[in-house]
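Notes follow the structure.
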Amino acid sequence: MDLSAINPVLLLASLMVAATPILLAAIGELVVERAGVLNLGVEGMMITGAVCGFVVAVNSGSPTLGFLAAAAGGAALSLTFGFLTQYLLSNQVATGLGLTLFGLGLSALIGQGYIGIKAPEVPDLHIPLLADIPVIGPILFQHDPMVYVGLLIVAAVWAFLKYSRAGLILRAVGENHDAAHALGYKVIRIRMLAIMFGGGCAGLGGAYLSLVRVPQWTEGMTAGAGWIALAIVVFASWKPWRIVIGAYLFGGVTVLQLNLQAAGLPVPVEYLSMSPYVATILVLVLLSSGRAPGSLGRIFHASS
Amino acid sequence: MTLKSILLGASILGALASGAIAQDDPVKVGFVYVGPVGDGGWTYEHDQARQAVVAHFGDAVETVFVESVPEGPDAERVMTQMALEGADLIFTTSFGYMDPTINVAAQFPDVRFEHATGYKTAENVAIYNARFYEGRAVQGLIAGSITESNIIGYIGSFPIPEVIQGINSAFLHARQVNPDVEFKIVWAYTWFDPAKEAEAATVLIEQGADVILQHTDSTAPQAAAQAAGNVYTFGQASDMAEFGPMPRVSSIIDNWGPYYIARTQAVIDGTWTSTDTWDGIAEGMVGIGAISDAVPAEVKAAAEAMAAAIADGSYHPFTGPITKQDGSAWLAEGEVSDDGTLLGMNFYVEGIVGDIPQ
Amino acid sequence: MIRLEKRPQPSQVWIVATPLLAVIATMIAGGLLFAALGKDPVAAIRTIFWDPLFSENAWFYRPQLLIKAAPLILIAIGLSLGFRAGIWNIGAEGQYIMGAICGAGMGLAFYPMESVLIFPLMILAGLLGGLLWAMIPALLRVRFGTNEILVSLMLVYVAEQILASMALGLLKNPEGMGFPGSRNLSQYPSAANLELIKGTGMHWGVVAAFIAVIFAYVVMSRHILGFNIRLAGQSPRAAAFSGVSPGRLVIICLGVSGALAGLAGMFEVAGPSGRISIDFNVGYGFTAIIVAFLGRLHPVGILLAGLLMALTYVGGGMAQGSLGLPAAAIQLFQGMLLFFLLAVDVLTNYRIRPARRRVA
């Protein structure tokens, strides 16, 4: 066993990369849940984004267009969810699960002819000044753009929720949709916008997997990442910056597990693999301090 | 009447009828795939072989396939459906299809089954496998010669004898040309999962490996190696030539075509019997992908010479003296391993660090 | 503009009509999908819905329907009790796996002894395995208020890892040449869950599913527990005032659904699947959630919905083989079915009215 073979800086770097897809999906879902909607279809939206991004990137040769298409694809799929839950008042849990199934099937169908094809490369970003810091510079500040975009989105969401009027209204809708409606706010419209944002972010997260991380398209390639994103939102007590911690925790445990294996640690692989999930449960139990938005998951029907 | 007797009666009638019509009806060959045809690896090569059968026999043969069939009761249903719809020969291309194949074969004694990588046979079930360890020997020689960090990463799928054979064979031949080389082995517990394979490859590269060998089927490790730069890889199951000349410097190609064509011919001629086939480079079942120019000429020559020696039978990758990892002697000087030990191989050879997961 | 007006009572007509409407809408949309893929829509729909029941080889496919539907119905019945009360057990897949592991482990512990007691012991083990696995989210919810959706979901992944560990380690077949996977239970007479009546596909799991349907119907319509469940689901405050203990309800509902899921897993591993392997689980726990909703959380509805889902699986497999329809299309089809049902479901509880234009 040779633990010195594990380089902590490299570990941190690959941690950032591993965390990005779930970070993106989780921050989107956070906005949706703060608006009072529980969308369990994150997995379906992520994988739809993955395939849309891949198809567009391969056909156009531009990964940027791919990412944009992924966001659009995720948002479009989330519209189905939005329409069913907000206008047709369907049960959010069931609709979310249906969205997952639908998304998995749709993406597999769209991706039929694209299995095994190479995606156009996403070049690494070289942040001036910061990337020149010896040792840690090239490791932490020379990732592909999406890593930094993810962090920027988290910052933007935090500022939006905390400091803007629109963010306040969104939170109000999430806490008590009847009161918000009585005050004259368009609950359904706000929720639809939030749902679309969540879909777009989930799409970006999925596209990160298919365009940067792997980078290939395979059926079902998200492999449960959407569910982990949902767990991270609760883990983070619906606060944006804690999402980053949660995503890094998860991304980190997966990367650590492989590193320990390669270094020869004789812990059974399966127990290492289940550690992120056990960790989430522990954190969910211990961190019961966070309160869920008051009307999370409840159906809104204006009676006037 | 029981289900079994109905089936028996129907199939006997069917067999009599088909016997009477014989060569006029095209022979129907079915293929059950465990993954998608586009996986670029294991299933892709089986489908290539299927297309070779179609190309070779033309109208005399009709093929049908179902992809991504989960192992278990679904596999049994798919095989039964193929048999009911008139298949004469069915290839089941995954170890996990073993019990379903035996079960369905018992119900359709006039349909012939070919099961890949299994060990159970029946009167109408044949098994076939490829001596991948021969290809691994060539890979090990190349890997040991071109590595500069002396660390070779190995992405294992499941700790089964076939994979252990590959690891041992590669290691022995890497050590032969480079006594300082060491292996780092990571178990992915999957045959095909690009995300996991990419992560495994990245981790190995971060821990210093500059050559990656894999027993998993996707091209993800090649992509990870390409992104890292200066890392060599080998294609697995398919040539993966689009990643050549770097990082992919060679590959093991599963070439099932000749075997499939031969077996279909046997069905047409009426000479088919249940056999146990384990072919390698000599018979063409294991192909060595073209060695790229990133490999020095003398290494390339040595590798090709070894492949030729294995092919003509003058060299066996497991030739003594070889000691097991626990220190006990396995093969004496010049002694060659028997097939039985290889088929049940559950030990590493001396020099490999780490234990086989239990 | 359209306005939705809540009905005083859910409409009886629409309760029956919505599933039918949803199926017809799915058939039409599915047909369009298949046409877009270049397959004959009528042939595809016929292969999926008609052929498994009435074609020339249907004598083989009809039993397959029962085999496929049994675990779905068994799990869905258990889930429906909880769903009615607003207790969301999303981790049925994990409970299914644990029940299978415990049941198989119990059976293999006795190998190669033969005895009539072994199978009942396996049933008990399967029940307990699923029950205990479901107790984790139940107790966490009662004690700490943790969200049972996420805990039960995370436990699915934990269970999958335990399954892999068992298949490679403790339960590995010593005569299996080093390959992962346990001994084949369906070849071990005392433990095997074989067909009871040849050619019908009925194994003990199917019998259990039918018993569960009857049991659930009786409990939900006649027993005080059923009343409390429905009350808690529709009005938690009224339930609290009426003395229903929410903690007890959580434990009972999660416990029952876990036990039934574990039972389904045990029947599957001793019968159709035959052995513990790394990818033994194929998603029945999640599909059962769809079945529960399709069946409108009513026992008889679940029975029919389970058979319908099984039909799409079996028929879909046939369509794949004979028409070359991609597997993904069937998954999409099933998702669409659920979506259409959820969409038309609004008519049960709400009336459509033209909105009057607001004055000034």
Chain B, dipole about Cα centre (Lys/Arg Cβ +1, Asp/Glu Cβ -1), debye to the nearest 20: 260
For helix B:161-177, report the angle its Cα long axis makes with the longest principal axis of the Cα atoms of chain B; keep it between 0 and 90° and round to the nearest 10°. 30
Here the relative contact order (percent) of chain B, from C-alpha pairs under 8 Å and at least 6 apart, is 16
Rounded to whole Hz and in sequence order, give me ³J(HN,Hα) for the stretch B:316-333 from the Karplus expression 6.51 cos²θ - 1.76 cosθ + 1.60, θ = phi - 60°, writing x for Gly and Pro. 10, x, 9, 10, x, x, 10, 10, 6, 4, 7, x, 6, 6, 10, 10, 7, 3
Please list the non-local residues whose amide H lies under 5 Å from the amide H of C:ARG351, H modeled 1.01 Å from N, same-chain partners needing a gap of 5 or more. C:GLU5, C:LYS6, C:ARG7
Under the definition of partner shielding as Cβ atoms of other protein chains within 10 Å of a residue Cβ, what is the mean value for peptide B:342-351? 1
So for the protein assembly as shown: antiparallel DSSP bridges make up what percent, rounded to the nearest 5? 25
Under 21 Å Cα to Cα from B:LYS184, which lysines show up? Leave out anything in the same chain fewer than 8 places away. B:LYS196, B:LYS324
What is the helix-to-structure angle for A:8-34, meaning the angle in degrees between its Cα long axis and the longest Cα principal axis of chain A, kept from 0 to 90 and rounded to the nearest 10? 10
Per the rule of 0.36 nm per residue minus the C-alpha distance, extending A:SER62 to A:TYR148 adds in nm 29.1 nm
What is the mean projected area of the alpha carbon convex hull for the stretch B:155-239, to one decimal in square nanometres? 5.3
Taking H placed 1.01 Å from N in the peptide plane, check which residues at least 5 places from B:VAL349 or on another chain put their amide H under 5 Å from its amide H. B:GLN325
The stretch B:106-138 and the stretch B:185-204: distance between their alpha carbon centers, rounded to Å: 27
Eigenvalues of the alpha-carbon gyration tensor of the stretch A:155-280, times 5 and square-rooted, give semi-axes in Å, largest first, of 36, 17, 12
When the Karplus curve 6.51 cos²θ - 1.76 cosθ + 1.60 is applied with θ = phi - 60°, which whole-Hz ³J(HN,Hα) does each residue of the stretch A:167-172 get, with x for Gly and Pro? x, 4, 4, 4, 5, 5
Among A:GLN261, A:PRO120, A:LEU104, pick out the residue whose Cα is farthest towards the positive end of the charge dipole of chain A, where Lys and Arg carry +1 and Asp and Glu carry -1 on C-beta, about the Cα centre. A:LEU104
Can you give me the C-alpha center-to-center distance between the stretch A:211-283 and the stretch A:63-77, rounded to a whole angstrom? 24
Exposure proxy check: A:ILE190, A:ILE133 ranked by fewest other beta carbons within 10 Å? A:ILE133, A:ILE190
So the FRET efficiency between C:LEU117 and B:ASP293, C-beta based with R0 = 45 Å and rounded to 0.05, is 0.05
Given points 7 Å out from each Cα along the Cα-Cβ axis, report the A:ILE117 to C:PHE210 separation in nanometres with one decimal. 5.1
Lys, Arg +1 and Asp, Glu -1 on Cβ, resulting dipole of chain A about Cα centre, debye, nearest 20: 980
Sites B:GLN51 and B:THR341, calculated FRET efficiency, Cβ-Cβ separation with R0 45 Å, nearest 0.05: 0.80
List the extent of the Cα atoms of the stretch C:38-325 along each of their three principal axes, largest first, rounded to whole Å. 57, 50, 36
Pick out the long, greasy-scoring helices in chain C: whole DSSP H runs spanning 18 Å or more along their own axis by Cα, mean Kyte-Doolittle at least 1.6. C:12-36, C:118-144, C:148-168, C:204-222, C:327-344
Note down the nm distance, to one decimal, between modelled labels 7 Å out along Cα→Cβ at B:ALA266 and at C:GLU175. 2.6
40 Å tail of the calculated P(r), chain B, as % of Cα pairs: 18
The ³J(HN,Hα) series, computed from each phi in the stretch A:209-217 with the Karplus coefficients 6.51, -1.76 and 1.60 at θ = phi - 60°, rounded to the nearest Hz and given as x for glycine or proline, is 5, 7, 9, 10, 6, 8, x, 7, 10
How much net charge surrounds B:PHE192 when only the other residues with a Cβ under 10 Å from the Cβ of B:PHE192 are counted, with Lys and Arg +1 and Asp and Glu -1? -3
Potential lengthening between B:ASP312 and B:GLU62 on full extension [0.36 nm per residue; Cα-Cα distance subtracted]: 86.5 nm
When the expected Rg is taken as 2.2 N^0.38 Å, what fraction or multiple of it is the alpha-carbon Rg of chain A? 1.01
So the angle from the long Cα axis of helix A:63-82 to the longest Cα principal axis of chain A, reported in degrees to the nearest 10, equals 30
Which order do peptides C:302-314, B:204-216, A:158-170 fall in by mean Cβ count within 10 Å, highest first? B:204-216, C:302-314, A:158-170
Output field shielding_mean for B:58-68 (other chain Cβ, 10 Å radius) holds 2
Got a sec? How would C:ILE15, C:ILE330 order by Cβ neighbour count within 10 Å, fewest to most? C:ILE15, C:ILE330
Sequence of C:ARG84, A:ARG189 once ranked by neighbouring C-beta atoms within 10 Å, starting from the fewest: A:ARG189, C:ARG84
MRE, 222 nm, helices only [DSSP H, n ≥ 4, -39500 (n - 2.57), over chain A, to nearest 500]: -22000 deg cm²/dmol
Lys, Arg +1 and Asp, Glu -1 on Cβ, resulting dipole of the protein assembly as shown about Cα centre, debye, nearest 20: 6760
Can you tell me how the stretch A:164-229 classifies by the Cα gyration tensor, rounded, prolate or oblate, using a/c under 1.5 as the rounded cut? prolate
Exercise: per-residue mean of other protein chain Cβ atoms within 10 Å, C:333-345: 6
Can you give me the orientation-averaged projected area of the convex hull built on the Cα atoms of the protein assembly as shown, in nm²? 42.9
Taking the Cα centre of each part, how many Å lie between the stretch B:315-351 and the stretch C:112-139? 44
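Every number in this text was worked out from the coordinates using simple rules, so none of it is lab data. A quick note: this is a predicted structure, and the numbers were derived from the prediction, not measured. Neighbour counts are summed over all protein chains in view; Cβ atoms, including those assigned to glycine, are modelled from backbone coordinates with ideal geometry.
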